[in-house]
Amino acid sequence: MCRCVAVVTANSSHGLSCGLSPGRIARHSKINDIVSRGLTKAGIPNIKEPPGLSRTDGKNPDGLTLIPWRGGRSLVWDATIIDTVAPSYLHATKAAAGAASELAATRKITKYDHFLDSHHFVPVAFETLDPIKKTWVNVSP
């Protein structure tokens, strides 16, 4: 048993998605650092966890460019790392590589739909065992 009271199986994949796993927050922070550093190296100033820009549930996106990205709108990103073998994604991941990250990206877009008129939103979705979300690979201003 995990301390979150989930049953841990012999394949020990539970730690990849457990809300109490210390590695989960570190992975999320690292992805946001990479996105922010990449934008900075490209000469695009940005801020992580921008204050005053929150979803309807009060949570902030992971980052915001400080100059317009496309169509006069700043880019907003929010990252997620999905457990490829989590029971909730197995139906999709056994059919196609990258399916869980695509599902997660779609959910992120829904969560941030109120930003779409004023910002260019890009979900950053990775899977623990598969490729990155296809549409993230081709993001350009």
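Could you work out the relative contact order of the chain? I mean the mean sequence separation of Cα pairs under 8 Å and 6+ apart, divided by the number of residues, in percent.
Relative contact order, the chain: 19 percent.
What is the extension gain from L129 to A97, computed as 0.36 nm multiplied by their sequence separation minus the C-alpha to C-alpha distance, in nm to one decimal?
10.6 nm
So how strong a dipole does the chain carry about its Cα centre when Lys and Arg Cβ are +1 and Asp and Glu Cβ are -1, to the nearest 20 debye?
Using only the charged Cβ atoms, the result is roughly 160 debye.
Using alpha carbons only, how many degrees (0 to 90, rounded to 10) separate the axis of helix 22-41 from the longest principal axis of the chain?
For 22-41 against the chain, the angle is about 30 degrees.
Using only the Cα atoms of the chain, what are the Rg and Dmax in Å?
16.1, 51
Please give me, ordered by residue number, the trypsin sites (Lys or Arg not before Pro) of the stretch 32-86 that lie in loop per DSSP and have at most 15 other Cβ atoms within 10 Å.
Listed in order of number, the matching sites are R55, K59.
May I ask you to compute the full-extension gain from D117 to K30, defined as 0.36 nm times their residue separation minus their alpha-carbon distance, rounded to one decimal in nm? If you can, show how the numbers build up before the last one.
Working: separation 87, 0.36 × 87 = 31.32 nm, distance 2.86 nm.
Stretched out fully, the D117 to K30 stretch lengthens by 28.5 nm.
Would you list which aspartates and glutamates come within 19 Å of K48, measuring only between C-alpha atoms, while excluding same-chain residues fewer than 8 positions from it?
D33, D57, D62, D78
Would you mind working out the magnitude of the charge dipole of the stretch 51-95 relative to its Cα centre, with +1 at each Lys and Arg C-beta and -1 at each Asp and Glu C-beta, to the nearest 20 Debye? If you can, show how the numbers build up before the last one.
Details: 5 positive and 4 negative charges, 37 e Å.
Computed charge dipole of the stretch 51-95: roughly 180 debye.
Amide H to amide H, which residues 5 or more places from T84 or on other chains are under 5 Å from it, using H placed in the peptide plane?
Placed amide hydrogens put T128, L129 under 5 Å from T84.
By how many degrees, between 0 and 90 and to the nearest 10, does the Cα long axis of helix 99-111 differ from the longest principal axis of the chain?
Value to nearest ten degrees: 50.
Using θ = phi - 60° and the Karplus form 6.51 cos²θ - 1.76 cosθ + 1.60, what ³J(HN,Hα) does each residue of the stretch 78-87 get, whole Hz, x for Gly and Pro?
9, 9, 8, 10, 9, 6, 4, 9, 5, x
Within a Cβ distance under 14 Å of D33, other residues only, what is the Lys/Arg minus Asp/Glu net charge?
+3
Every number in this text was worked out from the coordinates using simple rules, so none of it is lab data. Computed from a predicted structure; not experimentally measured. Using ideal geometry, Cβ is built from the backbone for each residue, glycine included, and neighbour counts are taken over all protein chains shown.
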